[in-house]
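Reviewing the structure listed below.
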Amino acid sequence: MSDAPKKRTWFQFHLSTAVVLMFVAGGLMWANLCAKVCGMETWDSALFKEMAASVPGDEGRVSITGRSVYWGWPFAAAEAHGFNQKEYMGIAWTAVAADASVAGAILAATGLLLEWLIRRKERQ
């Protein structure tokens, strides 16, 4: 019998590579699913005098309060805008595809780099 270790096939990963890829994938999921609030904005405008006339005690000014929330990394794949208690939500499918492509590229590069380092060390 030969004591030489078997050569790994090109698609076979080490367990340590799989564990690191699991953590990288978790970090990418966190980056994509964590909401980014772009802040509360309040606009006062004298242009809305007709609307302000119906509000007692507003002296002809309207205050519009809005917030914007984005999901996705590196591109904003989903966004929600709220203005005066009304929510508007939208999904950009091209950004979803771009985010998935970037995540896949990061995972592939990480896996290939780790396997290259491990196999280089095994050869020495």
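Where a number appears in this text, it was derived from the coordinates with a stated rule and is not lab data. Keep in mind it's a predicted model, so treat the numbers as computed, not measured. Because the Cβ atoms are built from the backbone with ideal geometry, glycine has one as well, and the counts that use them run over all protein chains shown.
Observations
Conditions (1) loosely packed, with under 12 Cβ neighbours inside 10 Å; (2) more than 13 Å from the chain's Cα centre (by Cα), marked per residue:
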residue	(1), (2)
ALA77	no, no
HIS81	no, yes
GLU87	yes, yes
ALA98	no, no
ALA103	no, no
ALA108	yes, yes
GLU115	no, yes
GLU122	yes, yes
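- Note on segment 73-112: residues that are closer than 18 Å to TRP30 by Cα and touching a residue at least 60 places away in the same chain (Cβ under 8 Å) total 5.
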